[in-house]
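Trainee: Here you go, one structure.
Throughout, read-outs are computed from the coordinates displayed, never taken from laboratory work. Worth saying up front: this structure is predicted, and the values here are computed from it rather than measured. Using ideal geometry, Cβ is built from the backbone for each residue, glycine included, and neighbour counts are taken over all protein chains shown.
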């Protein structure tokens, strides 16, 4: 084990979810061989957002949407197994709507950097580091205030007062990223939490023949299927149009932004939380003890990809299920 322990928001989340999962991923270095559909879709959209923000950083706002679309096509080409036509259509509709929703506001900001990595030492703990990647670092043109942007995809209720926003008051990621921005030489005023809702729309299927019901013919109208039934599957283009109509009708249900601030006392409290968790992680790595948490095997409508390894029905050597990561934090180029 490295003398320096690197802690990221993802690592903290995994450790809090299940210590055995943390051991498998961050100590022993295993990853699922195939990315889940939901994870792949989030990464697909993130690829588009990265390209969109980089175009604005270059001052080429008119290229933001075309660049985002090209980036998503390229990402899908590398992940065909996890991204089907419907998933791609959902992402394409949302990136177009995202551009329509936020492009005009970009004139108010200078984009300092996109996908900006940082590593910061935990005060008083020379061998512990917090690391991460700011989705975007921006400066407001009107007053020079610096902020960082965090993109999120979620299926949660984004209305004002919902629990989604309330929990951000204690979210350790935001506090870590305040420290990261300071390590990079900036004094951030706030985090702009930039949320996109994952649509639950899916292409409609044809009504099974045995369940179809027809209206009675009249003198002016022939018999037809009831309005809520279909003779054929919805095409991808039909689905794309239906989804675009839904997003255009209620953009506020799909896109939301909020400025999240931190008082110094809140940053200090979060820093102590992170430090304590980091020490627990380090201690567990030394002892080799990593208890399983059966309550985490099925969360957020998904099955843990390591369930079969934990219950003994599959081996970690099964390359169809698991792979060895090249480095502990694959999302970062810098490790400590």
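Trainee: Using packing as a proxy for protection, rank 265-275, 210-220 so that the peptide with the highest average count of other Cβ atoms within 10 Å comes first.
Mentor: 265-275, 210-220
Trainee: Turning to a different aspect of this structure: How far is helix 236-249 tilted off the main Cα axis of the chain, in degrees rounded to 10, range 0 to 90?
Mentor: 70 degrees
Trainee: Angle check, please: helix 64-78 long axis (alpha carbons) against the longest principal axis of the chain (alpha carbons), in degrees 0 to 90, nearest 10.
Mentor: Relative to the chain, helix 64-78 is tipped by roughly 90 degrees.
Trainee: Taking the highest mean first, how do the peptides 35-44, 15-24 order by number of other beta carbon atoms within 10 angstrom per residue?
Mentor: Ranked from most to least packed, the peptides come out as 15-24, 35-44.
Trainee: A follow-up question, please. Using alpha carbons only, how many degrees (0 to 90, rounded to 10) separate the axis of helix 264-287 from the longest principal axis of the chain?
Mentor: The angle comes out near 80 degrees.
Trainee: Now, a different point. By average Cβ neighbour count within 10 Å, what is the ranking of 173-185, 77-89 from highest down?
Mentor: On the way: 173-185: 20.2, 77-89: 15.2.
In decreasing order of mean packing, 173-185, 77-89 become 173-185, 77-89.
Trainee: Express the relative contact order of the chain as a whole percentage, based on alpha carbon pairs under 8 Å and six or more residues apart in sequence. Show your work: numbers first, answer last.
Mentor: Numbers: 456 pairs, mean separation 78.9, N = 336.
That works out to 23 percent.
Trainee: P(r) for the stretch 41-157, please, calculated from all Cα pair distances in 5 Å bins and given in %.
Mentor: It works out to 2, 10, 18, 20, 17, 14, 9, 6, 4, 1, 0, in whole percents.
Trainee: Give the Debye-formula value of log10 I(q)/I(0) at each listed q (0.22 Å⁻¹), with one equal scatterer per alpha carbon of the stretch 214-336, two decimals each.
Mentor: -1.30
Trainee: Helix-derived [θ] at 222 nm for the chain: sum -39500 (n - 2.57) over DSSP H runs of at least 4, divide by residue count, nearest 500?
Mentor: Theoretical 222 nm ellipticity from helices: -11500 deg cm²/dmol.
Trainee: Could you tell me, in Å, what Rg and Dmax come out for the Cα atoms of the chain?
Mentor: Final numbers for Rg and Dmax: 23.2, 86 Å.
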